[in-house]
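One structure below.
The values are calculated or read from the model by the stated rules, or taken from the named source; none is laboratory data. All values reported here derive from a predicted model rather than from experimental measurement. All Cβ positions, glycine included, derive from the backbone under ideal geometry; neighbour counts span all protein chains shown.
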Amino acid sequence: MKAIPTTIPDVLILEPKVFGDARGFFFESYNKKVLEDCGIHAEFVQDNHSRSAQNVLRGLHYQIKQPQGKLVRVVEGEVFDVVVDLRRSSPTFGKWVGVNLSASNKRMLWVPAGFGHGFLVLSEYAECLYKTTDYYAPEHERAIRWNDTEIAIEWPLNGEPILSEKDRAAKAFQDAELFI
């Protein structure tokens, strides 16, 4: 596994070693020791699987209590995956990183606890799998507007995104409940 640093040191792009031939391919999508060697010391407690249509934008989501670290990968299609540092005490507070994750590039993204997370589906549809370090707690779930001008994420949009009601009602960054 190759760990690729991003402009936010706690956020890592992970490239697995893929073994392929005429039959197909094989790679380890999770190996605790390999992740620890990459600097990720996490215990995962839940796996999630989502499928979304093209131009669906999910996020920016986080849990203010029971914050979740996430190991995200795409098994069908392609997404533009985004994380935003929501830790007020961090030197990268309010900064974002975006990366294309796809079934073909097999990259994964490590999203530490204390970050907002979202993605935009670039392909006809996309299926995402992600492991989390804490359980889903709807009472602690929060969302920040995907198009907040203070964060200024450069989404590769083709038209208006398709949003859930929750994401339409998300708060501005300046009004959101954030981490210390």
Discussion item. For the condition at pLDDT 95 or above, closer than 19 Å to Tyr62 by Cα and part of a strand (DSSP E or B), what is the one hit in Gly94, Gly98?
Written reply: Gly98
Worksheet item: Just one of Leu120, Leu101 is aliphatic (A, V, I, L, M), without any contact (Cβ under 8 Å) to a residue 40 or more places away in the chain and buried (at least 17 other Cβ atoms within 10 Å of the Cβ); which is it?
Response: Leu101
Discussion item. Suppose we keep only residues that are touching a Gly at 6+ places or on another chain (Cβ under 7 Å) and of a type outside the set (A, V, I, L, M) within the range 30-80. Which one would you say is surrounded by the fewest Cβ atoms within 10 Å (Cβ to Cβ)?
Written reply: Asn55
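Among the residues of the range 4-46, write down those that are in a helix (DSSP H, G or I) and either among the basic types (Lys, Arg) or over 28 Å from Val84 (Cβ atoms) (or both). Full working, then the answer.
First pass over the range 4-46, keeping only residues in a helix (DSSP H, G or I): 32-37.
Residues satisfying the conditions are Lys32, Lys33.
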Discussion item. Suppose we keep only residues that are touching a Leu at 6+ places or on another chain (Cβ under 8 Å) and among the aromatic types (Phe, Trp, Tyr) within the range 123-156. Which one would you say is surrounded by the fewest Cβ atoms within 10 Å (Cβ to Cβ)?
Written reply: Trp155
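Okay, residues lined up against (1) part of a strand (DSSP E or B); (2) within 22 Å of Phe25 (Cβ to Cβ); (3) of a type in the set (D, E, K, R):
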{"site": "Ser90", "(1), (2), (3)": "no, no, no"}
{"site": "Lys106", "(1), (2), (3)": "no, yes, yes"}
{"site": "His117", "(1), (2), (3)": "yes, no, no"}
{"site": "Leu120", "(1), (2), (3)": "yes, no, no"}
{"site": "Ala126", "(1), (2), (3)": "yes, yes, no"}
Response to the item:
Residue set Ala143, Ala152; condition in a strand (DSSP E or B) and of a type in the set (A, V, I, L, M); output residue Ala143
Worksheet item: Regarding Leu71, is this residue of a type in the set (A, V, I, L, M, F, W, C), assigned to a strand (DSSP E or B), over 20 Å from Asn105 (Cβ atoms) and in contact (Cβ under 8 Å) with a residue 24 or more places away in the chain?
Response: no
